[in-house]
């Protein structure tokens, strides 16, 4: 979808920042504070910054970012952006939750937005951006059930926490929906949405776990595996690469791994993406037209906050009728006709 | 064999131990009978071969009820036998056998009415055991010369990193040599710190671990992010040994693995020969048991320690390369995930013997792959508990409840030549 912008951004982020500084006299200014991953992390910091760049292109605003090198930088970076030069401060990531909260409470006039975090109770001047990942995962489950030749799908997670299991829930229910529609019996190994028990590596570091867990699922007949474990999933991709994609395919999470894991891009059937850029753009727009309100913004299929990535190299494996069904289901989820959560 | 009454009385401590084991086995029999047997109608299916194998073996179908009762009976027999005429020699054998029976009963119980690939699980056992076994072997080599090696984790990580970097540039074999060299370098550094500078061995090891973790994380986040081709190493594929590799079950488990599996087995055998059947090995062990006596006999204690700790580092470096060149072909921060420490546990479980460390690593690998299967089978027992089981066993062994695990006498002490 956004190949050229993604590529451009990696090299052009600095230039863009300079460019926007030159035209600083313009009306609206959006400032971003990154997590320690940095602005070019191929993941959420970069995707969120892309939202600012998109707004820059579309609405001619000015944008700038500050990178946090360590957790101690969060507060200092936010504080240095206070004082009126930023109309909106966007903080990226769960870990900035506390720093954002304290800055927002001492500066009630300043508008804040934080990616991947929500406050309960809501803070009047902070908009949390959260994601209904299970909607996109539901589509991925349906797709995988339709593409699988063995009729067995596999899924495993990093740690049994809600941000991980929400993927697994949606994936399982999507496959179950396929069974209900087609009268098939496609199995999903590794997660039971009822008991909330399943297969977990219990870490986000050991890539060889990713390989071993995918091998385990493959041994039990799975030919499509969804690893929801951050970099651990790259180990699963290594196995798929070795076995061949006719035997094992992988579904990526968070970003479109076809572009971020370029060495193994051929193993990805699709990716379940969180489009932070879409929600960031939306928040900037709301702050510009005065509709900004504290609370939560839910990224969903409806507003493009979550999505299913294109099939890229595997496009030929997905039949036209399956593509049509996926489009119908997407519409059904957006309309509320198809319940993703029971 | 006529028992000598007086000799038996002297051995009351061991006899009490034999009695305890006997009682334990009987308790296990009761456990199997009452916990596993009641809901036992149906059968457990173990798949032994994949459809692509040359000789397809039919599935192993075990009727749960009769099997569980048979296991309970066997356990009870072992227990009673042990209790009544607790031969010292038999204690650990019957305990090991009893625990294996327990695991078998548990597996059949968990799988009743379901099926999974037994061959796949055993294959995973061997694969997962490799880094642990090599870490354990590195521990044996250095602790046999009385240098406690906490730094195994760091050496594994350094080997993984060097393997990925050099492997991407020079190819797999080049990466392997680089990993072994870097591991050896850190072994040498450890030796220098603790032998020459007499630094506390635990602290020196922890320092190396933290240093390697920091350095590799920094480089991978700063350099590998930007230059991705430097983190794209080839993976050594499985090598099938002709004929042996075609044997059902055993073939795929032992004879269709990659270079690291064969390498680990060979290294364990060579290390055993070196430590226990050569003169240099005897000298190395003497340095670990009583360095002063060894010194008096003209053995250069410092040199022996330097050589063995460096060798240990090379073994750990090879084990580290498994993570990248033997598994996933790329490096990521902290990817060894504490396997070096588990290797240390394997060394202790294996009683400071290379073969023992390998066996312990296989037990840990088995628990690991079993846990993965149980998570799929949705058993009532949380799989995390199973993951703990081997470490509980290690604690029991270290605490000396079963047999005795004795570290080399001078382990952890710096030697000061007078």
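At a glance:
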read-out: 0 to 90° range, to nearest 10: angle between helix A:97-106 axis and chain A longest Cα axis; value: 30 degrees
read-out: Pair residue B:15, residue B:81: separation of 7 Å Cα→Cβ label points (nm); value: 2.1 nm
read-out: Residue with peak Gaussian network fluctuation, chain A [Cα springs, cutoff 10 Å], from A:140, A:175, A:70; value: A:70
read-out: Alpha-carbon centroids, region B:289-367 and region A:142-179: separation in whole Å; value: 40 Å
read-out: Inverse mean reciprocal Cα-Cα distance (Kirkwood Rh) of chain A, Å; value: 20.7 Å
read-out: Debye log10 I(q)/I(0) at q = 0.10, 0.13 Å⁻¹ for chain B, Cα point scatterers; value: -0.79, -1.18
read-out: Residues in region B:150-175 reached by a label modelled at residue B:215 [backbone nitrogen below 11 Å; 7 Å Cα→Cβ]; value: B:155, B:158-159, B:162
read-out: GNM flexibility winner over chain B from B:256, B:149, B:59 (Cα, springs under 10 Å); value: B:59
read-out: Region B:218-242 versus region B:62-129: alpha-carbon centroid distance in Å; value: 40 Å
read-out: Modelled FRET efficiency - R0 41 Å, residue B:391 with residue B:196, Cβ distances, 0.05 increments; value: 0.75
read-out: Cα-based Kirkwood hydrodynamic radius, the protein assembly as shown, one decimal, Å; value: 28.7 Å
read-out: Region B:217-265 - Rg (one decimal) and Dmax (whole number), Cα, Å; value: 17.1, 47
read-out: Rounded to 10°, Cα long-axis angle of helix A:207-219 versus longest principal axis of chain A; value: 30 degrees
read-out: Gyration tensor (alpha-carbon) shape descriptor, region A:86-173, a/c threshold 1.5; value: prolate
read-out: Cα gyration tensor shape of region A:191-342, rounded if a/c is under 1.5, else prolate or oblate by comparing a/b with b/c; value: prolate
read-out: Quarter of the Cα convex hull surface for region A:42-139, i.e. its orientation-mean projected area (nm²); value: 7.6 nm²
read-out: Prolate/oblate/rounded label for region B:192-348 (Cα gyration tensor, a/c 1.5); value: oblate
read-out: Gained length - residue A:76 relative to residue A:328, 0.36 nm times residue gap less alpha-carbon distance; value: 85.9 nm
read-out: Inter-probe distance in nm under a simple model that places probes 7 Å from Cα toward Cβ, at residue B:241 and residue B:222; value: 4.6 nm
read-out: Beta bridge orientation in the protein assembly as shown: antiparallel %, DSSP, nearest 5; value: 20 percent
read-out: Highest-first arrangement of A:226-233, A:335-342, A:212-219, B:166-173, where packing means the average Cβ count within 10 Å; value: A:226-233, A:212-219, B:166-173, A:335-342
read-out: Between helix A:232-243 and chain A: long-axis angle, C-alpha atoms, 0 to 90°, nearest 10; value: 40 degrees
read-out: Sites residue A:317 and residue B:50 - FRET efficiency at Förster radius 22 Å, r taken between beta-carbons, to 0.05; value: 0.45
read-out: Choice from B:341, B:197, B:69 with maximal GNM fluctuation in chain B (Cα, 10 Å cutoff); value: B:197
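Just so you know, all these numbers are worked out from the coordinates, no wet-lab data involved. The shown structure was predicted, so the numbers you read here are calculated from the model rather than taken from an experiment. Cβ sites come from the backbone with ideal geometry, for glycine too, and all protein chains shown count toward neighbours.
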